[in-house]
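FYI, it's all coordinate maths here, none of it is from the lab. Nothing here was measured: the structure is a model prediction, and the numbers come from that model. With ideal geometry, Cβ positions are generated from the backbone for all residues, glycine too; neighbour counts draw on all protein chains shown.
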Amino acid sequence: MKTLIEKSIVIRGIGSPQTKTVFNIKNESERNLIGFKSLTVIAGRKLTVEFKYEEGGIEKSDKIQVSIPRVETENEVKDFILNEINNSLK
């Protein structure tokens, strides 16, 4: 069984590779840092999403391209990305 490591998700095309998103912040106060970007900025775009997952006790990496729908909230974008990744892990 493949298990997604949610904190490993990196979205390419959102800015610097060090850009923080809701996927890799440690606490809500990090939303106020200069390097943080809300996922709403990628709504309506096609981007590459890199992630790690665990399978049989071994950590592996993968990436997918996703077309993010035009949605209003960050949670909608986050849920969409998680759903796409989990579908790719089946």
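The C-beta contact set for the stretch 39-58 (first residue of a type in the set (Lys, Arg), second residue not in a strand (DSSP E or B), distance under 8 angstrom, 6+ apart or interchain) comprises ARG45/GLY13; ARG45/ILE68; LYS46/ILE68. Within the stretch 27-55, the residues that satisfy the criterion of being more than 13 Å from ILE81 (Cβ to Cβ) and touching a strand residue (DSSP E or B) at 6+ places or on another chain (Cβ under 9 Å) are GLU30, ARG31, LEU33, GLY35, PHE36, LYS37, GLY44, LYS52, TYR53, GLU54, GLU55. In this entry, LEU39 passes the filter for residues that are at negative phi and within 13 Å of the chain's Cα centre (by Cα). Please indicate, with yes or no, whether at least one residue in the stretch 45-64 is farther than 22 Å from LEU89 by Cβ and either of a type in the set (Gly, Ala, Ser) or surrounded by fewer than 15 Cβ atoms within 10 Å (Cβ to Cβ) (or both). Checking the stretch 45-64: at least one residue is farther than 22 Å from LEU89 by Cβ and either of a type in the set (Gly, Ala, Ser) or surrounded by fewer than 15 Cβ atoms within 10 Å (Cβ to Cβ) (or both). Criterion applied to LYS52, LYS7 was being farther than 19 Å from ASP79 by Cβ and assigned to a strand (DSSP E or B), and the one residue passing it is LYS52. The set of residues from the stretch 1-26 being among the basic types (Lys, Arg) and surrounded by 15 or more Cβ atoms within 10 Å (Cβ to Cβ) comprises just one member, LYS20.
With respect to being farther than 14 Å from LYS2 by Cβ and either outside any strand (DSSP E or B) or of a type in the set (Gly, Ala, Ser) (or both), ILE85 falls outside the description. Please determine, by comparing only the residues of the stretch 3-20 that are closer than 24 Å to LYS90 by Cβ and of a type in the set (S, T, N, Q), which one is nearest to the chain's Cα centre (by Cα). Ranking the qualifying residues of the stretch 3-20, first place goes to SER8. If you check VAL66, VAL77, VAL71 for being in contact with a helix residue (DSSP H, G or I) (Cβ under 8 Å, 6 or more places away or on another chain), part of a strand (DSSP E or B) and among the β-branched types (Val, Ile, Thr), only one passes: VAL66.
Just one of the numbered conditions (1) in a strand (DSSP E or B); (2) exposed (fewer than 12 other Cβ atoms within 10 Å of the Cβ) is not true of SER29: (1).
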